[in-house]
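The values are calculated or read from the model by the stated rules, or taken from the named source; none is laboratory data. Just so it is clear, the model here is predicted, and its values are computed rather than measured. Don't worry about glycine lacking a Cβ; one is built from the backbone with ideal geometry, like all the others, and counts go over all protein chains shown.
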Amino acid sequence: MTQDDDGLESLVRKRIRALRVAQGLSLEELASRAALSQSSLSRIENGRRRLALDQLVTLARALDTTLDQLVETAADEVVTSPTIDGAHGRMRWSVKGDPGMSVIRQRVTDPPPDDPAHMRAHPGREWLVVLSGTAILMLGHHRFRVETHQAAEFPTMMPHAIGAAERGPCEVLGIFDRDARRGHQRDGNDGATGRRE
């Protein structure tokens, strides 16, 4: 076994214990869920028993996670830079863990449309964080004020639009899942409705 393998195995053992403790499970409770003896689980966590693939699959399931997440290692590239769309005043980051997900920072200057016919609806989910100013989020016939440092989360099948409040521009950080991102790309716009600088 290489040093890297030893490091990964040690990391997995620590994750198993950390997940067990975070979920408030005793050794006995997790061992029961994973169909292991309590002493076997204790030896796995403490490094006195070799990790077997079938045990990892069972333990991942018992801890409500996946095998991939249990054995995931840190990427070499932790820090990323955005791509910048100067024409629209947007910065976009892709989320490596889910390549279909992206984060967009933008300045919104116009109020949102009040007419649902001018809003968009598509599959997916969006998250919005207001970095400065006040945003107006239209969801169907409902109007929400989202102030600086507040966030909103909504399903994008609801007709929606985002704009600036009457006091002026706002800066928002939008997080789009894969389906929401595709919906906005089909509409020819990376973000929600409302004019951006």
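For MET157, the conditions (1) in contact with a Pro (Cβ under 9 Å, 6 or more places away or on another chain); (2) in a strand (DSSP E or B); (3) without any contact (Cβ under 8 Å) to a residue 40 or more places away in the chain all hold with the exception of (2). Annotation: ALA192 fulfils all but one of (1) of a type in the set (Gly, Ala, Ser); (2) modelled with pLDDT under 85; (3) in contact with a helix residue (DSSP H, G or I) (Cβ under 7 Å, 6 or more places away or on another chain); (4) over 26 Å from GLN69 (Cβ atoms); the unmet one is (3). Does LEU11 qualify as being assigned to a helix (DSSP H, G or I), out of contact with any Ser or Thr (no Cβ under 6 Å at 6 or more places or on another chain) and at pLDDT 90 or above? In short, no. Considering only residues that are loosely packed, with under 13 Cβ neighbours inside 10 Å and closer than 17 Å to ARG181 by Cβ, which ones fall in region 114-166? Correct list: GLU153 only.
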